[in-house]
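See structure below.
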Amino acid sequence: MRWRADLARSWRLWRAFGLEQADPDSFYGELAADSAAQVDHLHPLEGTVMLDVGGGPGYFCDAFAARGATYFAVDADAGEMHLHGRTPGSRTVQASGTALPFAAGSFDLTYSSNVAEHVAQPWRMGEEMIRVTRPGGTIVLSYTAWWGPWGGHETSPWHYLGGKRAAQRYRRSHGHAPKNEFGRSLFNVSVGAGLTWARSVPGAELVAAFPRYAPAWASRMVQIPVVGEVLTWNLMLVMRRRHGQTAGP
């Protein structure tokens, strides 16, 4: 079935998000399948050599490989790589997204899903993704925006009062620190910052920017100040590697 960014797909994903804690296999399986279909729509995966930065425990590997991609992944967290009892494949390595252990131009496609908000230097990671992509290749970087309803992750919606305050409230309510602790493993990454970086980084050109989970007709909301920060929820940046230019300044 052809992938479509319609309201039915958005509703299906919204329902799946409610299963993250109770049935993670269903949730991550649904998200991975949709992500692979979405990327396949942007850059055909059949025969593509790709890198997933923050690939996790293998759900995305299964989904992308099923569509014909030769899949490699990097993850900085050994715990995430073995989450839910899964074992990452032999093409997954443990390394930092801000210092990818690959030569320049190694991949046709580089991809990252919901990782940038967990990195203290997200645009350094983005530049590394550009560096390891071949000239003319595609970079897809998607992240949860801080000012969206899920910006604080498990501390939401209290992150609107400040990340540290939200973490303190979580500790009082649950008796332990949140998994994603503001300033350590969760950072304020805005829609505006992502757009500014993607439009100015010399190594790639911005092809598209849109809310990842929203219907196609909602794409223009990312351009609306304040409103776009809240309603975008998850920003997807699609970029093309330039010929003859480095990623960094």
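The values are calculated or read from the model by the stated rules, or taken from the named source; none is laboratory data. Small disclaimer: the values here were computed from a predicted structure and weren't measured. Don't worry about glycine lacking a Cβ; one is built from the backbone with ideal geometry, like all the others, and counts go over all protein chains shown.
Quick notes
- Whichever residue in the range 128-174 is in the same structural domain as F210 (by TED's automatic domain parsing) and part of a helix (DSSP H, G or I) and, among such residues, is surrounded by the fewest Cβ atoms within 10 Å (Cβ to Cβ): R131
- Whenever a residue of the range 138-162 is in contact (Cβ under 8 Å) with a residue 40 or more places away in the chain and farther than 27 Å from V201 by Cβ, its partners that are assigned to a loop (DSSP other than H, G, I, E, B) and not aliphatic (A, V, I, L, M), lying with C-beta atoms within less than 7 angstrom and at least six residues away or across chains, give the pairs P149/S156; P149/P157; P149/W233.
- Qualifying residue in the range 75-92 (condition: under 17 Å from the mean Cα position of the chain (by Cα), exposed (fewer than 15 other Cβ atoms within 10 Å of the Cβ), farther than 18 Å from D62 by Cα and at pLDDT below 95): yes
- Residues that are surrounded by fewer than 17 Cβ atoms within 10 Å (Cβ to Cβ) and under 21 Å from S35 (Cβ atoms), drawn from the range 219-249: S219
- Remark: pairs (first residue in the range 193-216, under 20 Å from N114 (Cα atoms); second residue at pLDDT 95 or above and surrounded by fewer than 17 Cβ atoms within 10 Å (Cβ to Cβ); Cβ separation under 7 Å; 6+ apart in sequence or on different chains) = L206/R199.
- Close Cβ contacts (under 7 Å, 6 or more residues apart or on different chains) running from residues in the range 93-109 that are within 20 Å of G244 (Cβ to Cβ) to residues that are assigned to a loop (DSSP other than H, G, I, E, B) and among the polar types (S, T, N, Q) comprise D108/T48; L109/T48.
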